[in-house]
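To keep things clear, I will list the structure first and then write my remarks on it.
The values are calculated or read from the model by the stated rules, or taken from the named source; none is laboratory data. Just so it is clear, the structure is predicted and the values come from calculations on it, not from any experiment. Every residue, glycine among them, receives a Cβ derived from its backbone with ideal geometry; neighbour counts consider all protein chains shown.
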């Protein structure tokens with residue numbers, strides 16, 4: 001959120017401050033006069049409309065969510081019925097609903113970790129496909145195919161085509177007794193934390209879900225990185241080869257640093273995908289063991305017959321606090337790049 | 001649609017599988033039936049009777065071709081009586097929307113139908129109910145009571161004075177805590193234990209009447225190499241039906257409703273007793289119920305791999321004669337029986353049957369017209385017109401024409417008509433959020449590991465405290 005806000009600033013400020021590329025460098029005072037009245041109106045309009053839309057659709061709801069996380073409201077009675085309850089929602093979320101919140105946080109954490117692995121695989125595939133091997137277009141299409149599908153469709157495919165106990169492909173190929181991919185909430189590994197009365201761990205059904213997510217995420221990152229590699233100056237790589245770099249060294253020391261903008265985007269997309277994960281879990285009907293922050297927020301907010309706005313907002317704020325650190329890092333990074 | 005649903009299906013989403021020649025014949029009856037019905041309705045109304053007589057009947061056929069999801073055109077064809085009444089409909093599938101249109105036309109009133117996609121309607125109901133149409137579609141039980149309690153829907157007690165054709169069970173299900181009615185029932189489907197007639201005949205199994213007979217039957221099936229109970233719990237709702245039945249048989253309907261209303265403790269010994277019985281039954285389930293969809297379990301049931309299946313009568317909709325030539329045989333072979341008695345004090349007096357129907361807006365633009373419409377929809381003529389177009393439901397009205405029913409519908413009508421108490425299914429009998437996010441998750445934990453029952457129950461009880469019921 002802060003990102004775009006700053007972005008708007010830079011676009012506005014940049015247009016006014018930065019000299020047009022073609023114009024010769026002139027004195028500071030002259031630059032302002034280069035914009036005619038019409039320019040200013042057009043620019044003001046172009047900046048003002050998106051900024052207004054952004055503030056109305058993103059910032060105001062976000063601030064209201066923050067306020068509502070301290071309130072009790074059912075989303076049904078008039079707004080005057082909103083009752084402020086201090087930190088009660090947060091207290092409830094952290095103590096009474098701890099068997100939902102902490103597994104969800106844990107799963108989101110696993111997801112960040114896992115999607116970074118997937119991103120690495122995607123980058124590797126991009127690197128391989130960039131070498132004009134035969135039929136690379138076909139490989140590209142195959143890897144990219146899952147990205148074209150909506151996540152709900154991906155969820156449905158994995159649930160009924162791959163995972164189903166009766167008719168799923170994986171269970172048909174599996175020689176033993178059918179595996180309950182979707183429902184098995186027993187843990188692969190678990191840790192006991194002193195402040196929780198239940199163990200946290202990676203449940204088997206969430207591990208199965210990670211497979212489905214990898215299937216989609218790898219292709220996404222691959223295409224993104226492939227686009228970056230296509231724009232990469234081949235002479236740099238040649239120079240590296242002449243200097244005696246092997247394949248890995250040339251990637252690690254030359255290609256990877258040169259593609260920093262793409263790397264930042266990949267990192268951002270990976271973290272965002274991991275934190276906002278919702279749709280695929282929902283498509284698999286949110287079995288126990290696969291809760292993520294996204295499903296907790298949605299379930300509490302959209303409950304029919306009286307939503308639990310306060311609790312849902314509190315979950316949302318927890319997610320927000322998690323995101324904010326990352327957003328700040330991204331903004332700073334982005335800002336520096338623009339300055340250099 | 002119900003494939004990845006988080007909620008039990010509503011009667012309007014699922015229906016009875018019908019034999020295809022049957023339904024074609026029924027559709028023929030439809031045209032005739034609707035004409036007859038509208039004649040009656042027109043005679044009942046005070047004015048414009050000559051115009052109203054044939055006009056609605058002629059609109060039935062084009063209505064059937066109308067695409068789903070589009071806003072149904074106002075009924076301009078007729079010259080119906082009175083000012084316009086708006087009707088918020090969630091009957092969005094083509095067949096359903098044609099059927100509800102026929103039902104509304106059977107009332108002979110000037111009604112504008114606003115159709116919204118079924119799922120969207122349900123998810124946005126909170127917002128919708130604040131600016132609703134005069135009459136709106138909704139569900140009986142807690143889901144209705146919650147809105148009645150918040151004062152956002154209108155009292156229809158005076159309409160009920162003119163609705164003598166509903167059994168006591170239906171009236172109870174339409175009554176809120178203040179003793180007034182806020183709901184007019186339309187149709188329903190029951191939950192019961194389904195079985196294959198041929199399997200029971202082949203193996204000489206008897207319908208169990210008591211808990212002990214049920215367990216004995218399970219043991220017999222197990223010895224014959226058949227899994228006694230189909231187990232599905234994907235989405236977290238299918239096994240709520242098992243809890244409801246066990247609780248109502250063990251502790252009675254009143255305790256069940258009181259528990260659902262948040263007035264009893266989940267750590268009560270009465271509830272623990274229910275879970276003891278459930279643990280026994282789980283031993284006879286298909287393994288790994290949590291990850292199995294009801295459709296997958298129904299397929300296994302169709303192959304006679306499992307002997308019994310506690311589900312709504314919509315189980316037959318898993319078998320589609322259009323794609324599978326043996327499906328019809330399977331459908332005709334499916335029968336059901338009421339859940340056996342556990343405590344003789346309660347016998348088999350309660351039955352689970354989600355009811356769909358209608359509510360009145362808090363301040364309708366046309367109050368008289370809205371009430372007249374509700375009275376009309378509560379009458380036998382409206383449901384007859386509906387069933388004439390879509391025969392896959394069972395009418396709540398006892399005077400409805402049952403001639404077109406198949407055996408399962410006939411039996412459903414008898415089962416529910418005779419019931420002293422009708423429960424609405426767990427996710428309709430309590431706060432929907434509490435049902436899916438607390439109870440449903442708890443049941444999943446219990447099914448995954450029945451030894452954890454004490455932790456599960458104390459967690460449900462703890463989380464229950466954060467909800468305000470009704």
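Scan segment B:433-470 residue by residue and report those that are outside any helix (DSSP H, G or I) and either out of contact with any helix residue (DSSP H, G or I) (no Cβ under 9 Å at 6 or more places or on another chain) or more than 7 Å from chain A (Cβ to nearest Cβ) (or both).
Listed by number, the residues that qualify are B:449, B:465, B:467, B:468, B:469, B:470.
Go through (1) buried (at least 16 other Cβ atoms within 10 Å of the Cβ); (2) at the interface with chain A (Cβ under 10 Å from one of its Cβ atoms) for residue B:415 and report which single condition fails.
Single failed check for residue B:415: (2).
Step by step: first the residues of segment A:92-101, then only those that are surrounded by 19 or more Cβ atoms within 10 Å (Cβ to Cβ) and assigned to a helix (DSSP H, G or I), then the one that is farthest from the other protein chains (Cβ to nearest Cβ). Which residue is that?
A:101
How many residues does segment B:216-236 contain that are touching a strand residue (DSSP E or B) at 6+ places or on another chain (Cβ under 9 Å) and in a helix (DSSP H, G or I)?
Within segment B:216-236, residues that are touching a strand residue (DSSP E or B) at 6+ places or on another chain (Cβ under 9 Å) and in a helix (DSSP H, G or I) number 6.
From the list A:214, A:227, pick out the single residue that is within 30 Å of residue B:287 (Cα to Cα), assigned to a helix (DSSP H, G or I), away from chain B (no Cβ under 14 Å) and modelled with pLDDT of 85 or more.
Criteria check complete, one pass: A:214.
Residues checked against (1) in a helix (DSSP H, G or I); (2) over 30 Å from residue B:143 (Cα atoms):
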site: A:264; (1), (2): yes, yes
site: A:268; (1), (2): yes, yes
site: A:281; (1), (2): yes, no
site: A:285; (1), (2): no, no
site: A:290; (1), (2): no, no
site: A:326; (1), (2): yes, yes
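List every residue pair whose Cβ atoms lie under 6 Å apart, where the two residues are 6 or more positions apart in sequence or sit on different chains, the first residue falls within segment B:332-353 and is without any contact (Cβ under 8 Å) to a residue 60 or more places away in the chain, and the second residue, located anywhere, is surrounded by fewer than 23 Cβ atoms within 10 Å (Cβ to Cβ) and not in a loop (DSSP other than H, G, I, E, B).
Pairs that qualify, where the first residue is without any contact (Cβ under 8 Å) to a residue 60 or more places away in the chain and the partner is surrounded by fewer than 23 Cβ atoms within 10 Å (Cβ to Cβ) and not in a loop (DSSP other than H, G, I, E, B), are B:347/B:341.
Please pick out the residue among B:320, B:296 that is within 29 Å of residue A:177 (Cα to Cα), surrounded by fewer than 20 Cβ atoms within 10 Å (Cβ to Cβ) and under 23 Å from the mean Cα position of the chain (by Cα).
Exactly one of B:320, B:296 is within 29 Å of residue A:177 (Cα to Cα), surrounded by fewer than 20 Cβ atoms within 10 Å (Cβ to Cβ) and under 23 Å from the mean Cα position of the chain (by Cα), namely B:320.
Quick check on residue A:89: is it buried (at least 17 other Cβ atoms within 10 Å of the Cβ) and farther than 29 Å from residue A:267 by Cα?
Here the answer is yes, as residue A:89 does meet what is asked.
Going by the conditions given, is residue B:185 touching a helix residue (DSSP H, G or I) at 6+ places or on another chain (Cβ under 7 Å) and in contact (Cβ under 8 Å) with a residue 60 or more places away in the chain?
For residue B:185, the condition - touching a helix residue (DSSP H, G or I) at 6+ places or on another chain (Cβ under 7 Å) and in contact (Cβ under 8 Å) with a residue 60 or more places away in the chain - is met.
Of (1) in contact (Cβ under 8 Å) with a residue 24 or more places away in the chain; (2) within 14 Å of another protein chain (Cβ to nearest Cβ), residue A:274 satisfies all except one. Which?
(2)
Name the residues in segment B:241-269 that are buried (at least 24 other Cβ atoms within 10 Å of the Cβ) and within 14 Å of another protein chain (Cβ to nearest Cβ), would you?
Answer for segment B:241-269, where residues must be buried (at least 24 other Cβ atoms within 10 Å of the Cβ) and within 14 Å of another protein chain (Cβ to nearest Cβ): just B:260.
Taking the condition away from every other protein chain (no Cβ under 14 Å) and closer than 12 Å to residue B:232 by Cβ, does residue B:311 pass?
So residue B:311 passes the test.
For segment B:421-432, state whether one or more residues are in contact with a helix residue (DSSP H, G or I) (Cβ under 9 Å, 6 or more places away or on another chain) and within 9 Å of another protein chain (Cβ to nearest Cβ).
yes
Is there a residue in segment B:284-292 that is surrounded by fewer than 22 Cβ atoms within 10 Å (Cβ to Cβ) and away from every other protein chain (no Cβ under 14 Å)?
Within segment B:284-292, one or more residues are surrounded by fewer than 22 Cβ atoms within 10 Å (Cβ to Cβ) and away from every other protein chain (no Cβ under 14 Å).
Just need a number here: residues in segment A:283-330 that are touching a residue at least 40 places away in the same chain (Cβ under 8 Å), surrounded by fewer than 20 Cβ atoms within 10 Å (Cβ to Cβ) and facing another protein chain (nearest Cβ under 7 Å).
Of the residues in that region, 0 qualify.
Quickly run through segment B:99-114 and pick out the residues that are buried (at least 24 other Cβ atoms within 10 Å of the Cβ) and farther than 15 Å from residue B:367 by Cα.
If the condition is that a residue be buried (at least 24 other Cβ atoms within 10 Å of the Cβ) and farther than 15 Å from residue B:367 by Cα, then B:99, B:100, B:101, B:102, B:103, B:104, B:105, B:106, B:107, B:108 are the ones that fit.
Consider segment A:171-208. How many of its residues are within 12 Å of chain B (Cβ to nearest Cβ) and more than 28 Å from the chain's Cα centre (by Cα)?
7
Can you tell me which of (1) under 22 Å from residue B:259 (Cβ atoms); (2) assigned to a helix (DSSP H, G or I) is the one residue B:127 doesn't meet?
For residue B:127, the exception is condition (1).
Taking into account only those residues within segment A:54-80 that are within 14 Å of chain B (Cβ to nearest Cβ) and surrounded by fewer than 12 Cβ atoms within 10 Å (Cβ to Cβ), which is farthest from residue A:298 (Cα to Cα)?
Per the stated criteria, the residue is A:80.
Scan segment A:199-223 for residues that are free of Cβ contacts under 8 Å to residues at least 60 places away in the same chain and either surrounded by 15 or more Cβ atoms within 10 Å (Cβ to Cβ) or touching a helix residue (DSSP H, G or I) at 6+ places or on another chain (Cβ under 9 Å) (or both) and jot them down.
Scanning segment A:199-223 gives A:207, A:208, A:211.
Is there a residue being touching a residue at least 40 places away in the same chain (Cβ under 8 Å) and more than 14 Å from every other protein chain (Cβ to nearest Cβ) anywhere in segment A:128-137?
yes
Scan segment B:170-189 and give yes if some residue there is part of a helix (DSSP H, G or I), crowded, with 22+ Cβ neighbours inside 10 Å and in contact with a strand residue (DSSP E or B) (Cβ under 6 Å, 6 or more places away or on another chain), otherwise no.
Checked against the condition, which is being part of a helix (DSSP H, G or I), crowded, with 22+ Cβ neighbours inside 10 Å and in contact with a strand residue (DSSP E or B) (Cβ under 6 Å, 6 or more places away or on another chain), segment B:170-189 yields at least one hit.
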